[in-house]
Structures are given as structure tokens and as C-alpha cells.
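The numbers here are math on the coordinates, done by the rules we state, and not lab data. On a predicted model such as this, the values are computed, not experimentally measured, just so you know. Here the Cβ positions follow ideal geometry from the backbone for every residue, glycine too, while neighbour counts run over all protein chains shown.
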Amino acid sequence: MVVADNRAYDYSRHEFLEQPKQQEKQSPKRNQKKKSKHRVHILNIVFVFAVSIFLISRYAYMAEINFNNKQLDTQIKQVQIENTDLNVQLMKSVNLENLEKVAIEKLQMQYPDVLNQIVYVQVQQVEADVAVNDAYHGVEDTQENKYLASIKNVIGDVLKILD
């Protein structure tokens, strides 16, 4: 008996025809994945752009502050120059001869007599300082201050030698 070739039940052709349909069904999922990837990339780009705009604005603000500081410095220098000029004008306007004339005539002032009105007083500085220190501090505090003063003098001498 001869077996007839029956192609009625051959499904290979049917599977071949259905494969593109399956690929078409999968392609929207791929498009969705691509769209979501694009969204992630766009969000990253927007984030980087926002951060860069923020940083640039901060640097612009710092530059503006520096510019304002420089303007204020120049204004300060101008005012200082004007102040010194005004002080010079003030010193020039004070005439010592006129001042002397006003003091003698209007205020009845006079020069001191060298022999009778000038008195020189000699004060011993050390004794006065000790008396004042004893009045406000105890003897121990005074001695401690002397030690500190002597240490300070030694350090000053060493610094002078090093210079």
C-alpha cells in the first residue's frame, strides 16, 4: 500500500504565517519600552539642564556681588581722598597768628613768666605705681604682675635680637 502524501495537515506553513503576527504584537511592547527609555533620557537631560542653570545663576549672583564690592571700594577710596583734602583745607584755614590774637585779646590769656610761673615737678613713677597697685590689689597680685612684666621684657628682648 502506498501512503498518500497528505498536506492537508501540514502546519509548518501555518506557523510561518503566524510568526509575523506575533512579532507585530511584540513590537508595541518594544515601542513602549523605547518610549519609557526615551522618557528616562529626557528626564535626565532636563535634570542636568536644571542643575546647570542653577549653578550658572549662582555664579552670576556671585559675580554681581563682587562687582558691587569693587564699586563700593572705589567709593570708599574717593571718600577717603575727599576727607584728607578737607582735613588739609581745615589745617590751612587755621591761622596760628589769628588764634594767638584771639587768645590774648578776647580770652585774656598770656605767656607764662619763665621764672615765676613755670614749676617742674619730679615724681617717682615706681613708688606711685606700687601705691596704686597696693590699694587695688594685694601684694601677691603685684608680685605676679612684676613676674609677668619681666617675662614680657625678656620675650621682647629675644624678639629684638631675632629681628
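For the reader, a short list of remarks on this structure follows.
- Calculated FRET efficiency for the pair THR74/LEU107, C-beta based, R₀ 41 Å, to 0.05: 0.35
- Separation in nanometres of the label points that stand 7 Å from Cα toward Cβ, at LYS37 and GLU82: 6.9
- Straightening the chain between GLU100 and ASP157 buys 15.9 nm, computed as 0.36 nm per residue apart minus the Cα-Cα spacing.
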